[in-house]
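S.K.: One structure follows; several queries about it will come next.
The values are calculated or read from the model by the stated rules, or taken from the named source; none is laboratory data. Model, not experiment: these values are computed from the prediction. Don't worry about glycine lacking a Cβ; one is built from the backbone with ideal geometry, like all the others, and counts go over all protein chains shown.
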Amino acid sequence: VEKEVLYSPELHKKESFYAYFIKQVLKFSGSTILEAKIRIDGSGDRAFKRNFVSYLRKELNSQDKVIMKQCKFIDSKSDTLIQAVDMIAGATRRSYEDRENKFRQIIKDHIEDEWNFS
């Protein structure tokens with residue numbers, strides 16, 4: 001997402017940006033994602049973490065459907081899975097910047113849904 005093209009000043013804040021886009025991805029997954037266990041690379045104070053998780057639970061879960069089961073903040077330095085996801089996200093971002101489209105060709109068969117914000 002090119003953050004500079006976002007209209008909302010609130011979404012220019014890192015915490016709001018991540019919470020909003022995680023909510024959007026999970027909420028509009030077509031019910032293919034249920035009882036998700038979210039792992040977020042990063043840290044923050046206790047109040048931020050509590051507010052972040054509370055926001056996602058309020059926005060995603062209802063009495064009859066649990067989209068987000070759990071949300072944890074993880075230090076990427078000690079978690080190889082988070083490091084791998086970081087590499088995939090970087091490759092995905094590069095695929096949109098690559099004029100020759102070679103990265104895009106590599107990942108195109110693995111894209112299930114795509115939202116373009118430009």
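S.K.: With modelled with pLDDT under 85, closer than 23 Å to Asn116 by Cα and hydrophobic (A, V, I, L, M, F, W, C) as the only criterion, which of Leu26, Leu11 stands out?
M.R.: When all the criteria are applied, what remains is Leu11.
S.K.: Sticking with this one: Evaluate the following for Phe21: is it touching a Gly at 6+ places or on another chain (Cβ under 9 Å) and modelled with pLDDT of 85 or more?
M.R.: The answer is no for Phe21.
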